[in-house]
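Here the structure comes first, spelled out in structure tokens, and everything after it is commentary.
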Amino acid sequence: DGGITQSPKYLFRKEGQNVTLSCEQNLNHDAMYWYRQDPGQGLRLIYYSQIVNDFQKGDIAEGYSVSREKKESFPLTVTSAQKNPTAFYLCASSIGDRRTYEQYFGPGTRLTVT
Amino acid sequence: SQQGEEDPQALSIQEGENATMNCSYKTSINNLQWYRQNSGRGLVHLILIRSNEREKHSGRLRVTLDTSKKSSSLLITASRAADTASYFCATDAYETSGSRLTFGEGTQLTVNP
């Protein structure tokens, strides 16, 4: 099956701890994206990557970090510097090629920090 | 701030009725996309309409685009209870570093059986 996976589905952390969210795709897509969604709201872009070993900040990158060492993987680290990390995190991928294509989304990870 | 804004924020209809959702945006776009999200799940792409297109159909979905008014509408005909979900419009913002989408805040559609 081709698709995009995120793990875990639910994640609980104590305040002050860094946490890494996993995102893997086997669609052979060049571009990958991380979004944050708060209750009743739309998606806000955290980081995106058009190609391996390259990524750009989105609208709300502060307190987050990413890496893109492999085409298939785009992990997101939520650092202790993120003031309000509790949210629903969505990863997506698309063909890329610097043009706009539809994005394919993973099932999401719900992070709760207490 | 969000590029796209959906209207209404929430819509409740009876099964069999049509549902219309609207999206307005602020700047010029290359294309506009509509996505659907079931509660607690990822988004699913529904349809993409390019800036030089005025209308597009896919099954029970009909999307229109009016670039002069910077607005789009999504019509779902003969709605079903399974259409209950949040619907988002997304506009592209082509940058030298690559393409990205900006999402609106969505319309929550409830279809009552």
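Working ranking of peptides B:11-23, A:45-57 by packing, defined as the average number of other Cβ atoms within 10 Å per residue, highest first, is A:45-57, B:11-23. When you restrict to C-alpha pairs under 8 Å that are six or more residues apart and normalise by the size of chain B, the relative contact order lands at 38 percent. Shielding of peptide A:32-43 by partners, expressed as the average count of other chain Cβ atoms within 10 Å per residue Cβ, is 4.
Of the GluC sites (Glu not before Pro) found in the range A:40-114, those in coil by DSSP whose Cβ has at most 11 other Cβ atoms within 10 Å are A:62, A:69.
Counting other Cβ atoms within 10 Å as a rough exposure proxy, the listed residues A:29, B:45, B:57 run B:57, B:45, A:29 from fewest neighbours to most. Residue ranges A:81-94, B:61-74 sort as A:81-94, B:61-74 when ordered by packing (mean number of other C-beta atoms within 10 Å per residue, highest first). If only the Cβ of Lys and Arg carry +1 and only the Cβ of Asp and Glu carry -1, the dipole of chain B around its Cα centre is close to 240 debye.
Across the options A:66, A:56, A:18, the greatest Cα extent toward the positive end of the charge dipole of chain A (unit charges at beta carbon of Lys, Arg, Asp, Glu) belongs to A:18. For the pairs A:14/A:57; A:57/B:56; A:57/A:83, flag any whose C-alpha to C-alpha distance is greater than 21 Å. Over 21 Å apart, Cα to Cα: A:14/A:57; A:57/B:56.
Rounded to the nearest 20 debye, the dipole size of chain A about its Cα centre is 300 debye, using +1 on the Cβ of Lys and Arg and -1 on the Cβ of Asp and Glu. Ordered from longest to shortest, the equivalent ellipsoid semi-axes for chain B are 24, 15, 12 Å, each the square root of 5 times a Cα gyration tensor eigenvalue. Averaging the Cα positions of each part gives two centres, and for the range A:1-32 and the range B:28-105 these lie 25 Å apart. Averaging the sequence gap over all C-alpha pairs within less than 8 Å and six or more residues apart, then dividing by the number of residues, gives chain A a relative contact order of 35 percent. Residue by residue, the range A:11-18 carries 3J(HN,Hα) couplings of 9, 10, 9, 8, 4, x, 9, 7 Hz when phi is fed to the Karplus relation 6.51 cos²θ - 1.76 cosθ + 1.60 (θ = phi - 60°); x denotes Gly or Pro. A dipole drawn for chain B from +1 and -1 charges on Cβ atoms has a positive end, and of B:108, B:91, B:31 the residue lying farthest that way is B:31.
Relative to the Cα centre, the charge distribution of the protein assembly as shown, modelled as +1 at Lys and Arg Cβ and -1 at Asp and Glu Cβ, gives a dipole magnitude of about 160 debye. Quick check on chain A: take the gyration tensor over C-alpha atoms, sort the square-rooted eigenvalues as a ≥ b ≥ c, and tell me if it's rounded (a/c under 1.5), prolate or oblate. Prolate shape, in that a/c is at least 1.5 and a/b is the bigger ratio.
Bear in mind these aren't lab numbers, they're just calculated from the coordinates by the rules spelled out. Everything quoted here is computed from the prediction, not taken from an experiment. Please note: Cβ atoms are built from the backbone with ideal geometry, for glycine as well, and neighbour counts cover all protein chains shown.
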